[in-house]
1. Looking only at region 137-164, which residues are within 18 Å of the chain's Cα centre (by Cα) and free of Cβ contacts under 8 Å to residues at least 60 places away in the same chain?
2. Go through region 10-37 and count every residue that is closer than 28 Å to residue 62 by Cβ and either out of contact with any helix residue (DSSP H, G or I) (no Cβ under 8 Å at 6 or more places or on another chain) or surrounded by fewer than 16 Cβ atoms within 10 Å (Cβ to Cβ) (or both).
3. Would region 122-134 turn up any residue that is within 21 Å of the chain's Cα centre (by Cα), part of a helix (DSSP H, G or I) and farther than 18 Å from residue 88 by Cβ?
4. Looking at region 121-134, can you tell me whether even one residue there is closer than 19 Å to residue 184 by Cβ and surrounded by fewer than 20 Cβ atoms within 10 Å (Cβ to Cβ)?
């Protein structure tokens, strides 16, 4: 059971890494460029925060498999903890097949059906990323999709890991793990909510009051 952060903000990632509960990161090159930063530099900074056996997903943006593979080289040469993220398209899976044959881990993203997940596994993907929230936006069950992929992978002894993405609530986190996902990638705002519960806050407040009474006496 692993938790990844879905953000490209290096300072935020660094802060949330300190408790030791974050296992990796998924990034978005569009957001990096909007922030005025070179994606290569951002990936280097994020990679340096994690051990070699973690996973930092660096997304390639191109139309052809050849272009994706060319872009990927700039990323996977940074560190052994880099995972190349490609879309679930015919060209993306071509690139996945080539990169996986070189023992370069690949995360195939934008998964909305079990049949797509089957093709990803055939292409050698290390991770598949079903989009839970976006499935729900379109009247589909994102959690049900995870359950279907889990069943198929288990029955066929497939090693590809399920990485639940588009996580929008803490309930998504809970239900995704119940459904059998290996990993969830979530925004920092959801991670913060996972720490919180009203009863915990009430308990801490009561402990604090009791402690002050004891000290006063």
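1. Step one: list which residues in region 137-164 are within 18 Å of the chain's Cα centre (by Cα), which gives 142-143, 145-147, 149-150, 159-164.
Correct list: 142, 143, 145, 146, 147, 149, 150, 159, 160, 161, 162, 164.
2. First, pick out the residues of region 10-37 that are closer than 28 Å to residue 62 by Cβ: 10, 12-13, 23-37.
Next, from what is left, pick out any that are either out of contact with any helix residue (DSSP H, G or I) (no Cβ under 8 Å at 6 or more places or on another chain) or surrounded by fewer than 16 Cβ atoms within 10 Å (Cβ to Cβ) (or both): 12, 23-24, 26, 28, 30-31, 33-37.
Adding up the residues that qualify gives 12.
3. Taking region 122-134 first, the residues within 21 Å of the chain's Cα centre (by Cα) are 122-134.
If we keep only those that are part of a helix (DSSP H, G or I) too, we end up with 122, 132-134.
Adding the requirement that they be farther than 18 Å from residue 88 by Cβ leaves none.
Among the residues of region 122-134, not one is within 21 Å of the chain's Cα centre (by Cα), part of a helix (DSSP H, G or I) and farther than 18 Å from residue 88 by Cβ, which makes the answer no.
4. Filtering region 121-134 down to residues closer than 19 Å to residue 184 by Cβ leaves 125-134.
Among the residues that remain, those that are also surrounded by fewer than 20 Cβ atoms within 10 Å (Cβ to Cβ) are: 133-134.
Yes: region 121-134 contains one or more residues that are closer than 19 Å to residue 184 by Cβ and surrounded by fewer than 20 Cβ atoms within 10 Å (Cβ to Cβ).
Residue-by-condition table, conditions (1) modelled with pLDDT under 95; (2) outside any loop (DSSP other than H, G, I, E, B); (3) touching a strand residue (DSSP E or B) at 6+ places or on another chain (Cβ under 8 Å); (4) within 21 Å of residue 83 (Cβ to Cβ):
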{"position": "150", "(1), (2), (3), (4)": "no, yes, yes, yes"}
{"position": "162", "(1), (2), (3), (4)": "no, yes, yes, yes"}
{"position": "175", "(1), (2), (3), (4)": "no, yes, no, no"}
{"position": "199", "(1), (2), (3), (4)": "yes, yes, no, no"}
{"position": "202", "(1), (2), (3), (4)": "yes, yes, no, no"}
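The values are calculated or read from the model by the stated rules, or taken from the named source; none is laboratory data. In this text, all values refer to a predicted model and were calculated from it rather than measured experimentally. As a convention, Cβ positions derive from the backbone with ideal geometry for all residues, glycine included, and neighbour counts pool all protein chains shown.
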